[in-house]
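In what follows, a structure is listed as structure tokens, so that the remarks can point back to it.
The values are calculated or read from the model by the stated rules, or taken from the named source; none is laboratory data. Keep in mind it's a predicted model, so treat the numbers as computed, not measured. Just so you know, the surface numbers come from the protein's heavy atoms only, side chains and all, with ligands and any DNA or RNA stripped out. Shrake-Rupley method; radii C 1.70, N 1.55, O 1.52, S 1.80 Å.
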Amino acid sequence: MSFAIFALASAAGRSGVAVVRLSGPDAGPIARALAGPLPPPRQAVLRRLVHQGREIDHALLLWFPAPRSFTGEDVAEFHIHGGRAVREALFSALSALGARPAEPGEFSRRAVENGKLDLTRAEAIADLVDAETPAQLRQALRQHDGALAELYEGWRTRLIVALGRAEAAIDFADDGVGETEFAAAKSAAKKIVKEIQQHMDDAGRGESLREGLRLTILGPPNAGKSSLINVLARRDVAIVSDIPGTTRDVVEARLDLGGYLLMVADTAGVRRTADAIEAEGVRRALSHAAGGMTLLLLDGSLANPRAGLPPDLPEPDLTVWNKADLGGRHEGMSISLKTGDGVSELIKMLQQKVQQKLESKDGAPLLTRPRHRHALAEALGHLQHGVAAPDDRPELLAEDLRLAMRSVGRITGQVDVEELLDFVFRDFCIGK
């Protein structure tokens, strides 16, 4: 087993400066072998990096002795010139001196194992790296600052107290305090049940904010759906044609709308049809619209814009009437994708609806990952079973409290850490 790992901690590719991070008990001896005496902690010094008599680079060296480092281990950082030859020469020297390349997420994993991070903060690091919009950045920073960890650890601490009271109800059942302690434990469990339910009843806001909210554009053929996605994306995403039925499949584009990541989908024109290929396109359009937001785009110049729409069309979040330049008056938002009239107002309205859908109404931290939701669902099931326990069976409540406590603890890594680490860190980038 290697006692030191290394990785490029800056972006790959040619650059002015590249940062290589080395962590582990052997980091100090390896750094000294390359650069001479270690500098004072957390101070950058300029050193010549030399291995087997060959100079690698003139680089800045920083030293972070354990436990005051990101991983909790001894850490050295080499700030080298960012050319490929320099990087490869340093990697080769580090390997020859006994270090090995880090696996994805291994630095963060070691930080968790050494008590420097909980799992929610470690996941926030991956979200910070992947953040594309200001809203994603805000959510990741809040999670990294411990908002979710504080919430979940608060529940776990209260469950420990409630479990103690349930155990007391068992131990002192004949001493006149059993009923009081049982009632207190059950009352605490009921309060936590309500809080978890409120946290989970969020319409997937946190996950949608982190992964991007889906917006499906629906409407009959030739309503202007492809033109609309091109306008929103500010580039030609979909083919625009006067021929009905040009779009046969779902065409998607990622865009930043007012600081929120939106996954906009142009779909086949929805109408009753006997054509097998077009019917499949309609089916895919309706299937894609399940979840997220839907925008129904209609041709406002027609006498009956809704004619031919399938009866199972979902209720849209927003109905927009296109081709206002050709006449026709309708209640609601009217635009002309040909002249641009009303488009800026439509974008503002979309921004407002996306914000309303994604932002927490009370400012509470949002549930961000399916892993968290699954663990909370488990805990909720145990607690609901426990509060239904008969008054003469405090051991049933105690067992359910214990199981709920473990389920909540798995979110932050307080219990059963080993079984979670491979899953949590599998999608991390190298060097984190």
_Cα convex hull volume per residue for region 7-63 (Å³)_ = 98
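On a full-extension model of 0.36 nm per residue, what is the gain between ARG84 and GLN52, subtracting their alpha-carbon distance, rounded to one decimal in nm? The partial results should precede the final answer.
On the way: separation 32, 0.36 × 32 = 11.52 nm, distance 1.98 nm.
Going from the current span to full extension adds 9.5 nm.
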*asked:* Give me, ordered by chain and number, the residues 5 or more places off HIS51 or on other chains with an amide H under 5 Å from its own placed amide H.
replied: ILE56
*For GLU359, GLU331, give the ranking by accessible area with the largest first, probe 1.4 Å.*
GLU331, GLU359
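Given the pairs LYS191/LYS353; LYS116/LYS357; LYS225/LYS357; LYS225/LYS353; LYS186/LYS357; LYS323/LYS348, which are separated by over 27 angstrom at their Cα positions? All intermediate terms of the calculation are to be shown ahead of the outcome.
Numbers: LYS191/LYS353 32 Å; LYS116/LYS357 34 Å; LYS225/LYS357 22 Å; LYS225/LYS353 19 Å; LYS186/LYS357 34 Å; LYS323/LYS348 19 Å.
LYS191/LYS353; LYS116/LYS357; LYS186/LYS357, as the Cα separations exceed 27 Å there.
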_Can you work out the Karplus-derived ³J(HN,Hα) for every residue in region 253-258? Use 6.51 cos²θ - 1.76 cosθ + 1.60 with θ = phi - 60°, whole Hz, and x for glycine or proline._
9, 9, 8, 8, 10, x
_Hz values of 3J(HN,Hα) by residue in region 383-393 - Karplus curve (6.51, -1.76, 1.60), Gly and Pro given as x_ = 5, 5, 5, x, 5, 8, 5, x, 4, 8, 10
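Going from the alpha-carbon gyration tensor of region 34-98, what semi-axes, largest first and in whole Å, does one get by taking the root of 5 times each eigenvalue? Mind dumping the intermediate values first?
On the way: eigenvalues 87, 33, 25 Å².
Working from the Cα gyration tensor, I get semi-axes of 21, 13, 11 Å.
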*Ignoring everything but the protein chains, give the 1.4 Å probe accessible area of LYS348 in square angstrom, nearest 10.*
130
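For ARG54, ARG393, give the ranking by accessible area with the largest first, probe 1.4 Å. The partial results should precede the final answer.
Working: ARG54 185, ARG393 100 Å².
The most accessible residue leads, giving ARG54, ARG393.
Sorting PHE64, PHE78, PHE70 by accessible area (1.4 Å probe), largest first, what list results? Don't skip to the end; give the middle numbers.
Details: PHE64 45, PHE78 0, PHE70 70 Å².
I get PHE70, PHE64, PHE78, largest accessible area first.
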*Using only protein heavy atoms and a 1.4 Å probe, report how much of ASP26 is accessible, in Å² to the nearest 10.*
60
*Size descriptor, Kirkwood hydrodynamic radius, that averages inverse alpha-carbon separations across region 1-149, Å*: 16.1
*Could you list log10 I(q)/I(0) for region 194-238 at q = 0.15, 0.16, 0.22 Å⁻¹, which the Debye formula gives when each Cα is one point scatterer?*
-0.58, -0.62, -0.80
*Can you run phi through the Karplus equation (6.51, -1.76, 1.60; θ = phi - 60°) for region 353-359 and list ³J(HN,Hα) in whole Hz, with x for Gly and Pro?*
5, 5, 4, 4, 6, 9, 7
_For PHE6, what accessible surface area do you get with a 1.4 Å probe? Give it in Å², rounded to 10._
10
*Output the Cα-based Rg and Dmax of region 90-222 in Å, rounding Rg to one decimal and Dmax to a whole number.*
23.2, 79
